[in-house]
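Right, one structure below, let's go through it.
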Amino acid sequence: MERKHEYQTKSRQMILDYLIRNKDRAVHVSDIIRHMDQEECSVNKTTVYRYLDKLVAEKTLMKYVADKGEKAGYQYVEQPSRCQKHLHLQCSECGKVIHLDCDFMKEISEHILSDHGFTLCCKDSILYGVCDECSKKEKKQKNKIR
Ligand SMILES: [Zn+2]
Ligand SMILES: [Zn+2]
């Protein structure tokens, strides 16, 4: 029993380390499982889900659920309270997440409230698109084809 507990603590720590190292993007459960396999510390899916849910509840992680019931993405957040106040942009190519933590965000929410009487709730909201790097890559590829 003791040993099982030790193993669990170790694998949880490795999952958390992985999430911290990848804090600029949202990772999927399959990424975590693959990483753990590479580290030769296999974990089962249920354990990973249970641990991630716990971290989401503690607000250590943000959970993004793509529409159409696609797999969820998880991202480590350093300042959870701030992330509730802005939207996030996720690159659908590389998974990178950009925090829309700027004055424009204030402008949008003020406009939405004053003109539409709507209080924006940013929690878990994410907009999808293509990041700067990936759109440059795409352009390069198009040029090559030509
Ligand atoms: Zn944020
Ligand atoms: Zn990208």
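The values are calculated or read from the model by the stated rules, or taken from the named source; none is laboratory data. Remember, it's a predicted structure, so these values are computed and weren't measured experimentally. FYI the Cβ positions are ideal-geometry reconstructions off the backbone, even for glycines, and counts take in every protein chain you see.
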Going through the stretch 113-128 in order, the residues found to be away from ligand 1 (no atom under 16 Å from the Cβ) and either closer than 30 Å to LEU61 by Cβ or assigned by TED's automatic domain parsing to the domain that holds TYR64 (or both) are LEU113, PHE118, THR119
Considering LYS54, LYS63, which residue is under 14 Å from the mean Cα position of the chain (by Cα) and not assigned by TED's automatic domain parsing to the domain that holds LYS123?
LYS63
For LYS63, are the conditions met, namely being in contact with an Asp or Glu (Cβ under 9 Å, 6 or more places away or on another chain) and part of a strand (DSSP E or B)?
yes
Would you check if HIS99 is within 18 Å of ARG25 (Cα to Cα), away from ligand 2 (no atom under 16 Å from the Cβ) and surrounded by 10 or more Cβ atoms within 10 Å (Cβ to Cβ)?
no
Between a first residue in the stretch 88-114 that is at positive phi and a second residue that is of a type in the set (Gly, Ala, Ser), which pairs have beta carbons less than 9 Å apart while being 6 or more apart in sequence or on different chains?
GLY95/ALA26; GLY95/GLY73
For SER92, are the conditions met, namely being closer than 18 Å to CYS121 by Cβ, among the polar types (S, T, N, Q) and surrounded by fewer than 17 Cβ atoms within 10 Å (Cβ to Cβ)?
no
Condition set among the aliphatic types (A, V, I, L, M) and in a helix (DSSP H, G or I), scope the stretch 30-60, selection surrounded by the most Cβ atoms within 10 Å (Cβ to Cβ): answer is ILE32
Residues of the stretch 106-126 being outside any loop (DSSP other than H, G, I, E, B) and surrounded by 13 or more Cβ atoms within 10 Å (Cβ to Cβ), in sequence order, are ILE108, SER109, ILE112, ILE126
